[in-house]
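The values are calculated or read from the model by the stated rules, or taken from the named source; none is laboratory data. This one's a predicted model, so the numbers in the text were calculated from it and none came from an experiment. Here the Cβ positions follow ideal geometry from the backbone for every residue, glycine too, while neighbour counts run over all protein chains shown. Side chains included, ligands, DNA and RNA excluded: accessible areas come from the protein's heavy atoms. Shrake-Rupley method; radii C 1.70, N 1.55, O 1.52, S 1.80 Å.
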Amino acid sequence: MQTDELAPSSTGRGGGHGGGHGSGGVLNTPPWRRAPLLVARQPPVFLALALAAAVLALAAASGPLFLAATGTAALHISAARSCPEQGEAGLSVAGDAAATQFENLLPTGQLTGTDRIVRSAAARAGLPAPYLTVGTTINLAPSGPNAPRAVDLFSRPGALDHVQKLTPAGRAGVWITDTVASNEGLRPGSTIKTFGGIRLPVAGIFRDLIGRGIDPHLPRYWCSWSTQIAGSGANAAPPFFIADLATLTRSTPYVAPSWFAPIDVGHITVPQARTASVAVASVPPAVTTATGGQVRLFVHPDLGELVRQATLVHSGLRGPIIPIDIAGAIVALLLVGGAAGFWVVRRAPELRLLVSRGVGPVALAIKALLEIAPAVIVGGLAGWGGAIVLVRSIGPSSMFEPGAPVRSLAAAAAACAAGLVLVAVIGAAAAREPRAGRGAVRVLAWLPWELALLAAAFGVYLAVHRHGAVHSVHGTVQVHPTILAFPLLLLAGGVLLLCRLAGLGLPALRRATTPLGIAVYLAVRRITGTAGVAIALAVGTALPCGILVYAAAQTASVDHSVSLKFDTYLGAPHALGTLADPDSTIPLAGHGTQVAVVSTDAFVVGGNQIQMIGVDPATFARFSFSDPQVAAAIRGLTPPVDGGPAPALWVNAHGARAPKGVRYVDDTVRTVHIVGRLDVFPGLRDGYSPMLVVNRRAFLHLSPFVHRDQEVWTTDDQLAAARAALTRHGIAVLFEISPTTFLDHTDLLPVTWIFSYLRVLAVLAGLVAIAGLVFALAARTRRRTSSYVLTARMGIGRGSHRRSIVIELVLVVGFGWLAGAAVALTAAASIYRRFDVNSSFPPPPSLSIPVMTLVASGAGVVVVVLLAAAVTQWLADRADPSEVMRLE
Amino acid sequence: MVKHAAPEGEESDPIRARSGLVRGRGLSKTYRRGAEQVHALRAVDIDVHPGELVALAGPSGSGKSTLLNVLCGWETPESGSLAYSGALAGRDAIDLEWAQLALVPQALGLLEDLTVEENIMMPARIVGKVKSERDRGHELMDRFKIAHLGRRYPRQTSLGEQQRCCVARAMLLRPALMLADEPTAHQDAALGDVLFETMRDHARAGGGFLIATHNPDTWGHCDRVLSMHDGQLREGAPDIVH
């Protein structure tokens, strides 16, 4: 019979805290020799350890893989949005005044030889065989009042496969457009005569790629030639004909050839594209040498630009990834620590026995390592493999740069090694007296070390305000790591502080709930009875929810800010660029507003270049992104009277003095009278330059040298009607832009991907929190079940018990969700102004509250609570009271 | 001092002359442990009357806990009959309230998240009688010398103190019948006497007690001693029967 005992057992523990007996001798005994095999006999322990190691390895390996995928993805996205030739290794003839009379032209007689030399040089450089593209403009002999005076001739293998042929193929010669054929009465077999008298046979007729009154939706194949095909602005292009190479070279003494090696940049990695870019650079010197200096080529910069852009995106992510990876590894290490603790609990009898025999902490640490290492190795390999599958499946790209899998394996191995060190420490701690560490733990728990995290967060906050959170390198947004370090530090410190303060209020909560119903009574007492567990669960909930809310808030704020900036840039939901006459009024019949845009041909008298737009005050506000201030301001924009000054708004002036007159590129000067000043105005297309807004009629009767784009701005619901009105009056639309096309721009990819990766961290932390919740509930299952059995016997109903579990979890997990969301929104609110992806362009950033994410995360918390409560109640219901209430 | 129970059949005992609280006849219970079949109860007959303390003695594994589990409804016998009468008449064991049938299980079953005082008052709280039974609770805590532990959690007390807390919780609402499994296992002689004296006081008021205990020093407090051995129950202390 045992007496009351609070004192430690009197069994001897001599030598238990020294180094133990000689370590070498101990390590040769069966508990150590057999250690690697022991954990396999306890499947739950093995599984817990392997899963924890897998999560750790996955978290560590994902970073290098994610990075390796971003460059490739950026390259592919850029290539997809570019014209095909921009993704190929391109070469064109360079100007050489000594060799030819005209720049960028090659004597036709040299074309065949040069082509052969280029192909040979390309093959030696390891490039795919390039295809030749030749274009030229030929003047035609006059044949009628409306006949074209010049035409563009284009030759490329396979070009005819990308037009709609209206007559059968099979003849050599020139394929002409149906427009010209119809206007000039030409058909296959007809002849076109050049100004030099050369007769070119008409081989066939194809559907015009751009016709009057038809919106040009050029196939992507022709994207590089859109200017030749459609013209630009008010300048119509000559007809665009396609010819075979022999016919083309016969038609002109000089040609402008280009060679493109089809390297399929949309399906290779950045290093491979870089290699091709370097390889193509070796071709021009080889050609110059082979031609004795007669032919000089230049390399098209597009491929190099794509590579550079992708490299910038990749390098812009490298820094921000680090805090996320560190946070992910810490979270995963917590899981490994928990699993190691689980091992200690399961092996407690043997560990206690070994300690009582004098085994010290070092030997125990080695035993822990030997037992746990197999599970960690298995889990680590699985996690690494899982990271590859995960990043391939949902990452930016399924294609990794060479060496990325090996780097990720090294990262996973390093993380697992850190996990094993943690395991060893936990194993060594098992050698100590249970009470020996309590003092240290108590001190650690009481020390407000979260203040150190908050201090670090404040330091990073100051750094962000000093240096900014983003900067642009060659148009690509680079995210500073501080924009992620700050919220992670603030979340960790803020959540811990809030939970500590809540913990201080627990005694008061306990007292306050004494008179309440049994469900609340029991719930609060379960919380206050194990406050440490409750606080840990609250923190475990707060962190992933907070990370998720922060990522969503920043993403939404950036998207919204960028959208507002582009709204400013674009001016309206839809902007259609037309080929309308600058002095004409487009009959839009109330379906849009006409805006004249002068981008480069206007200057302040005696000053710098400015932007100008001419608006129709009667319709502008209705169809543009105008706020009340803009709508009021444009009412003063009346047409100038009899050559007098034009009323104007002075926009985006940055303190520059308001002008009294405008000098156009043809030296015409017109006076203006400033009637208002604004910081932002729809249609501001250059954030650096001021803009003058006048009545559209102020641009009338300027010379054709003053380039004025005629745009039609309209809304979503009027877009179809506006296009129909343009078609009805034979006005061709050159381009159409809407805000949604802007947000997918490559330049913002680093922002998009960083916060996507941050969300993955949130999911990882959430999974760890759920695992922690499951473990906490499972560890207390027997205690909860025995409590339920007795209280049920005393008269508490199933409903009351289930309610008490729900209330307990809602209070703990719900508080965690609230704390995480509050700190996250605080972090976003304190820093969003510094997250300006284009500080040169108004308006400044605004904060968007991620309502959907808040609702979804809250709903997720509710689901977890209800599921956990249901499972806990189910386990309690299944318990056999007679077994539960027996002594173990 | 051991009281020798009167031979079976003699109804001279005034306690046994009253109508019983619980009567079990031919109770049998078998467990399967792997390939082995364990007869925990073999045709056990048992009566407990109001006002009597009955000791249930026997070595470990003899079936004492199984019998208590059957009597409180946590286990169902494979054969035999079990009937409650008197204050417990007409009810099944599992439906009896704490004020009618209270338990002191072997594993105690204290709620770890409640203080000692809150554990003791729990039965009263569930039926909404905290205020009216608070004095009774304090009285029991004083008697069991755990009043100074009222604000502590069970994990902050010794096993013996937890056990006394469990007994106090069982006696709070003055149950008609109390089943206790080794309620004095962690008590010294003096505190064990205190527990039994308190139970005796309640027995005088009409309560019945069936107490599983293998400690001969406690048999002297009881009106009868029943012995269990290998699933069989007999009147008398083990050293008399065997």
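Solvent-accessible area of the range A:566-658 (1.4 angstrom probe, protein heavy atoms only): carbon and sulfur portion equals 53 percent. For the range A:708-821, the equivalent ellipsoid derived from the alpha-carbon gyration tensor has semi-axes of 63, 20, 10 Å in decreasing order.
Restricting the calculation to Cα atoms, every distinct pair contributes to the Kirkwood radius of the range B:10-161, found to be 18.0 Å. At 1.4 Å probe size, with the rest of the protein present, what percent of the exposed accessible area of the range A:318-363 is carbon and sulfur atoms? It is 74 percent, rounded to a whole number. Just the accessible area for A:Y254, please: 1.4 Å probe, Å², rounded to the nearest 10? Here the residue's solvent-accessible area equals roughly 60 Å².
Its Cα centre serving as origin, the range B:143-199 has a Cβ charge dipole (Lys and Arg +1, Asp and Glu -1) of approximately 400 debye. Between A:H701 and A:R833, the FRET efficiency estimated from the beta carbon spacing at R0 = 41 angstrom works out to 0.35. When peptides A:685-696, A:500-511 are ranked by their average number of other Cβ atoms within 10 Å per residue, the highest-first order is A:685-696, A:500-511. An ellipsoid equivalent to the protein assembly as shown, defined through the eigenvalues of its Cα gyration tensor, has semi-axes of 89, 35, 27 Å when rounded to whole angstrom and sorted largest first. Treating r as the C-beta distance of A:I849 and A:L27 and R0 as 41 Å, the FRET efficiency rounds to 0.10.
Summarising the overall dimensions of the range A:446-498 from its C-alpha atoms, the Rg and Dmax are 13.4, 50 angstrom. Based on every Cα atom in the range B:97-171, Rg and the maximum pairwise Cα distance Dmax equal 11.2, 31 Å. Seen from B:V127, the other residues with C-beta closer than 11 Å to its C-beta sum to a net charge of 0, counting Lys and Arg as +1 and Asp and Glu as -1.
Taking every DSSP bridge with both residues inside chain A, close to 75 percent are antiparallel. Atom-type composition of the exposed protein surface of the range B:157-242 places 48 percent of the accessible area on carbon and sulfur (1.4 angstrom probe). Phi-derived couplings, Karplus 6.51 cos²θ - 1.76 cosθ + 1.60 at θ = phi - 60°, listed residue by residue for the range A:178-186: 5, 4, 5, 4, 5, 5, 9, x, 9 Hz, with x used for Gly and Pro. The packing ranking of peptides A:348-360, B:160-172, A:54-66, highest mean first, is A:54-66, B:160-172, A:348-360, where packing means the average number of other beta carbon atoms within 10 angstrom of each residue.
What number comes out for the charge environment of A:G606, summing +1 per Lys or Arg and -1 per Asp or Glu over other residues with Cβ under 10 Å away? That works out to +2. Near A:I674, the amide H atoms lying under 5 Å from its own belong to A:A648; only residues 5 or more places off or on other chains count, and H is placed 1.01 Å from N. In the range A:842-888, comparing the full protein assembly with the chain on its own, the residues that lose 20 Å² or more of accessible surface at a 1.4 Å probe are A:P881, A:S882, A:M885, A:R886, A:L887. A 1.4 Å probe run over the protein chains yields, for the protein assembly as shown, 43 Å² of accessible area per residue, whole-number rounding.
Put simply, the Cα atoms of the range A:352-511 extend 68, 49, 29 Å along their principal axes, the longest span coming first. Label-to-label distance, A:R728 versus A:T191, with points set 7 angstrom from Cα along the beta-carbon direction: 4.7 nm. Averaged over the residues of peptide B:111-118, the number of Cβ atoms from other protein chains lying within 10 Å of each residue's Cβ is 6. On association of chains A and B, roughly 3100 Å² of accessible area becomes buried (total for both chains; probe 1.4 Å). Nearest 0.05, what FRET efficiency do A:A348 and B:Y31 give at R0 = 35 Å with Cβ-Cβ as r? With R0 = 35 Å, the Cβ-Cβ based efficiency is 0.80. What value, in deg cm²/dmol to 500, does the helix sum -39500 (n - 2.57) over DSSP H runs of n ≥ 4 give at 222 nm once divided by the residues of chain B? Calculated at 222 nm, the ellipticity per residue is -9000 deg cm²/dmol. Note on chain A: helix-only mean residue ellipticity at 222 nm, from DSSP H runs of 4+ residues weighted -39500 (n - 2.57) and normalised by residue number, equals -17500 deg cm²/dmol. Pairs of Lys residues in the protein assembly as shown are counted when their Cα atoms are under 26 angstrom apart and they lie 8 or more places apart or on different chains; the count is 5. With both labels modelled 7 Å from their Cα along Cα-to-Cβ, the A:V665 to A:T826 distance reads 5.6 nm. The charge dipole of the protein assembly as shown, taken about its Cα centre with unit charges on the Cβ of Lys, Arg, Asp and Glu (plus for the first two, minus for the last two), comes to roughly 880 debye.
3J(HN,Hα) along the range A:604-612, derived from phi through the Karplus expression 6.51 cos²θ - 1.76 cosθ + 1.60 where θ = phi - 60°, amounts to 5, 4, x, x, 8, 5, 10, 8, 9 Hz, with x in place of Gly and Pro.
For the range A:516-614, the direction-averaged projected area of the alpha-carbon convex hull comes to 15.3 nm². Here, the range A:106-227 has an Rg and a Dmax of 16.6, 53 Å when only alpha carbons are counted.
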